[in-house]
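Input: a single structure, listed below in structure tokens.
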Amino acid sequence: MAAKKTITRRWLLYGFSFIAVFLLVAAVTLMVLLRSFYYQSAQDVLSGRANLFGRSVSSSLQQTQDFSREAARLVESFDSKEQMELQVLSADGWILASSTGFVPASGEAAEEFRRARGTDDGRAVQTTHNSNGEHIMALTATVTAADGTVIGALRYVVTLRLIDRQLILIAALVGIIVLIILLFTALSGLYFIRSIVHPVEEIGRAARRIAKGDYAYRVEKHSRDEIGDLCDTINYMATEIERAERLKNEFISSVSHELRTPLTAIRGWSETLQQTPDDPETVRCGMQIITDETERLSGMVEELLDFSRMQSGKLTLHFETVDVAAIVRETVLLFRERAENKGIHLQFVGKDALPPISGDADRLRQVFINVLDNAIKYSDSGDTVRVDYAAVGKTVQVVIGDTGNGISAADLPQVKMKFYKANNTRPGSGIGLAVADEIIEGHGGTLDIYSKEGFGTSVIITLPTEQKEQA
């Protein structure tokens, strides 16, 4: 299996390596430039001295008939013996005399002499090692007679030992600086990467734990930057997943209870009817209960199917011209008996006609039934449920309000969310309002809920009267 490429490894491979190569190239370039500068300075010194001394002795050397006899006098009169060495060369390139008093082997100057004779200015510079192994720089300048014939040469030699020693010290200093920079870069880079890698690893562990169902796990936030924002996002995600999981479990429990209640009634009355088949009143009452509970089960199953279609995006609407007022009146008549049985006053206010809208009549009826059912469900005996509608501008508004329990400020923003139930003591699956909101949104309208705990709830459904293309 291939080795895992961590961020640290990639940084060392690409970032740090690039910095190291850059510094190495910069250090080498600096040393080359310094070496060229120092050597050029030494060459300039030799050239300057050659110009100065050469002019002073040029006329006397040109007039002499024996250049070799003048060699000793030349080196004796040389006044820069402490800085450099002066060697006098014959016309054949042999060293006749030296300002040091010791005549070195002539072979080390012969090649320079030949090169100097071949140049236009009669000079040649060479960096080499002498017979003693010492690193030197030598400048050879030819001397010509009056007729232009080369009669000899003056060779100026300076040691490069001090320059080389200085270059070595500078190279060592540059090397130390480069190492310090690389060390600082490595430490600061690793620290920076660790400040990223460790939180990322912790976030990864948190994501894996959350994926395995540990929704209570949270990532500890260490900084207020992008990594901190990511930690907040992961924690928010975990909170939302935990909440969704809790709502889902409550939904399953609620639906199970809601399904169990009518099934228990159906089963109980089925057994009763089997035991008392000859009692007409019992049979009539039992069959009515079975029919009612079956319709209740059918409605719950249809609601679940609608929710499933909504989640998968398959909740379709079939648009046609709809009379909203007629649908609202039918819904109120449907619930009037139920409200009276609970001692709730169902008040229907709307009387005027409404402009027709383009919508799905069955789905709108489902919305009004769901909202009115909730109003009665969360109201107690003596409360009032009020239904009203009106044309407002280019919209139709249906208002269903009650004086029931109301919704707390904490629950109000979430009541339209799937699975959410503000009051678990009341029957219901917690998905009715989510489906209703989806249907109204599909009509281009809004479903707004206003409530205050202990004072009741008002639901305002707004639908546009402008014609909508049929789906």
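Just one of Gly213, Gly152, Gly204 is small (Gly, Ala, Ser) and touching a residue at least 40 places away in the same chain (Cβ under 8 Å); which is it? Going through Gly213, Gly152, Gly204 in turn, the sole match is Gly152. In the condition set (1) small (Gly, Ala, Ser); (2) free of Cβ contacts under 8 Å to residues at least 24 places away in the same chain; (3) over 20 Å from Trp94 (Cα atoms), Ala146 is compliant with all but (2).
One line per residue, one yes/no per condition, for (1) aliphatic (A, V, I, L, M); (2) under 30 Å from Met31 (Cα atoms):
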{"site": "Thr185", "(1), (2)": "no, yes"}
{"site": "Tyr191", "(1), (2)": "no, no"}
{"site": "Ile203", "(1), (2)": "yes, no"}
{"site": "Tyr215", "(1), (2)": "no, no"}
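Could you list all residues from the range 292-319 that are acidic (Asp, Glu) and either open to solvent by less than 70 Å² (accessible area, probe 1.4 Å) or modelled with pLDDT of 75 or more (or both)? Matches in the range 292-319: Asp292, Glu293, Glu295, Glu303, Asp306.
In this structure, does Ile180 turn out to be modelled with pLDDT of 90 or more, under 30 Å from Ser17 (Cβ atoms) and either assigned to a strand (DSSP E or B) or β-branched (Val, Ile, Thr) (or both)? Taking the combined requirement at face value, the residue satisfies it. When the range 96-117 is filtered for residues that are in a loop (DSSP other than H, G, I, E, B) and modelled with pLDDT of 85 or more, nothing remains.
Applying the condition of being assigned to a loop (DSSP other than H, G, I, E, B) and in contact with a strand residue (DSSP E or B) (Cβ under 6 Å, 6 or more places away or on another chain) to the range 119-133 and asking which residue is least open to solvent (accessible area, probe 1.4 Å) yields Gly122. Out of curiosity, is Leu433 crowded, with 21+ Cβ neighbours inside 10 Å and at pLDDT below 85? When the stated conditions are applied, Leu433 passes them.
Considering only residues in the range 241-260 that are of a type in the set (D, E, K, R) and within 20 Å of Asp292 (Cα to Cα), the one that is modelled with the lowest pLDDT turns out to be Glu258. One residue stands out in the range 149-171 among those that are assigned to a helix (DSSP H, G or I), open to solvent by 50 Å² or more (accessible area, probe 1.4 Å) and not charged (D, E, K, R): the one that is nearest to Ala72 (Cα to Cα), namely Leu162. In the range 395-408, of all residues being crowded, with 17+ Cβ neighbours inside 10 Å and in a loop (DSSP other than H, G, I, E, B), the one that is modelled with the highest pLDDT corresponds to Thr403.
Within the range 321-360, being of a type outside the set (A, V, I, L, M, F, W, C) and open to solvent by 90 Å² or more (accessible area, probe 1.4 Å) holds for Thr321, Arg329, Glu330, Glu337, Glu340, Asn341, His345, Lys351, Asp352.
Counting only strands (runs of 3 or more DSSP E) that sit wholly inside the range 320-394, those with at least 1 residues that are closer than 27 Å to Asn405 by Cα, at pLDDT 90 or above and in contact with a strand residue (DSSP E or B) (Cβ under 6 Å, 6 or more places away or on another chain) are 345-348, 384-392. For the range 368-377, a residue qualifies if it is open to solvent by 30 Å² or more (accessible area, probe 1.4 Å) and more than 13 Å from Arg338 (Cα to Cα), but none of them does.
The values are calculated or read from the model by the stated rules, or taken from the named source; none is laboratory data. A quick note: this is a predicted structure, and the numbers were derived from the prediction, not measured. As a convention, Cβ positions derive from the backbone with ideal geometry for all residues, glycine included, and neighbour counts pool all protein chains shown. For accessibility, only protein heavy atoms count, side chains too; no ligands or nucleic acids. Shrake-Rupley method; radii C 1.70, N 1.55, O 1.52, S 1.80 Å.
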